Amino acid sequence: MKLKDRVAIVTGASRGIGRAIAAGFAKEGANVVVAARSANQKHERLPGTIYETAEEVEKHGRRALPVQCDVTDENSVQAMVDAALKEFGRVDILVNNAGVAFYFPVVETPLRKWEIVIDVNLKGVFLCSKAVLSSMIERRSGSIINISSLAADERDEGTVPTGVAYAVAKAAVDRFTWGLATEVGKHNIAVNCIKPKNVVSTEGMRFWVPEKDRQGWEPPDRMVKCAVFLAAQHAGSVTGTVATDHELCAWHGL
């Protein structure tokens, strides 16, 4: 097992890529803190809760800690990390996966919508990373994985329109990855970023996009494979990488 007895926090883990990564980590021997806002299912077309993901983790024989968390709230994030440390005594891996997108032309974008997208996708990455770093620095070990998007690179609406706010936030996440990797490398902490080359078929994406427009979508398997690989890295191996899942698989023979 590649992650035997390690402890991982995965945000946005009630469904989609986050849920798949949580289960993938469990298969590789990790115990998982399942963090998300969804403690209850609120919409029949958006299934998934932290408790359902926790059950999936436990089916693989690993321990799970479901924690309701708002990644935009510093107190909520700190409470989540404190709960993880109390339950497991350590945090080895953080996956910053929580995300949200609202598509509006800029001229029609309410300030509150802009703020929500920036806060969840960027502020959340900052707050969660900051909250786990003290214990990682103390132990001189850790891996932080940020989930980004090709929206950060595209100069048009992209395969799936996600709006300028989302693209701006993800571009900032890419830059944050490089900067944080430089800061914490001396503490043997790896910081990397992966983005799907193709649209990943998740509950959220299927909720927004009609079935007729879903050609070329992929399951989250490749993203999971890359996340498992990056979770095992340290500052002396792979760090500061911002790449697609296809690139990582090609470069490292995954």
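Observations on the model:
- So residue 139, is it open to solvent by 30 Å² or more (accessible area, probe 1.4 Å) and either of a type in the set (Phe, Trp, Tyr) or modelled with pLDDT of 90 or more (or both): yes
Every residue, every condition in (1) without any contact (Cβ under 8 Å) to a residue 40 or more places away in the chain; (2) part of a strand (DSSP E or B), yes or no:
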position: 35; (1), (2): no, yes
position: 39; (1), (2): yes, no
position: 53; (1), (2): no, no
position: 56; (1), (2): yes, no
position: 70; (1), (2): yes, no
position: 84; (1), (2): no, no
position: 98; (1), (2): no, no
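- Residue satisfying condition, being at pLDDT 95 or above, outside any helix (DSSP H, G or I) and under 26 Å from residue 162 (Cα atoms), within set 3, 65, 94: 94
- Close Cβ contacts (under 6 Å, 6 or more residues apart or on different chains) running from residues in segment 172-187 that are in contact (Cβ under 8 Å) with a residue 40 or more places away in the chain to residues that are open to solvent by 10 Å² or more (accessible area, probe 1.4 Å) and among the charged types (D, E, K, R) comprise 187/140.
- In segment 207-235, of all residues being outside any helix (DSSP H, G or I) and modelled with pLDDT of 95 or more, the one that is farthest from residue 25 (Cα to Cα) corresponds to 235.
The values are calculated or read from the model by the stated rules, or taken from the named source; none is laboratory data. In this text the structure is predicted, and so the values were computed from the model without any measurement. FYI the Cβ positions are ideal-geometry reconstructions off the backbone, even for glycines, and counts take in every protein chain you see. Just the protein is used for accessible areas: all its heavy atoms, side chains included, with ligands, DNA and RNA removed. Shrake-Rupley method; radii C 1.70, N 1.55, O 1.52, S 1.80 Å.
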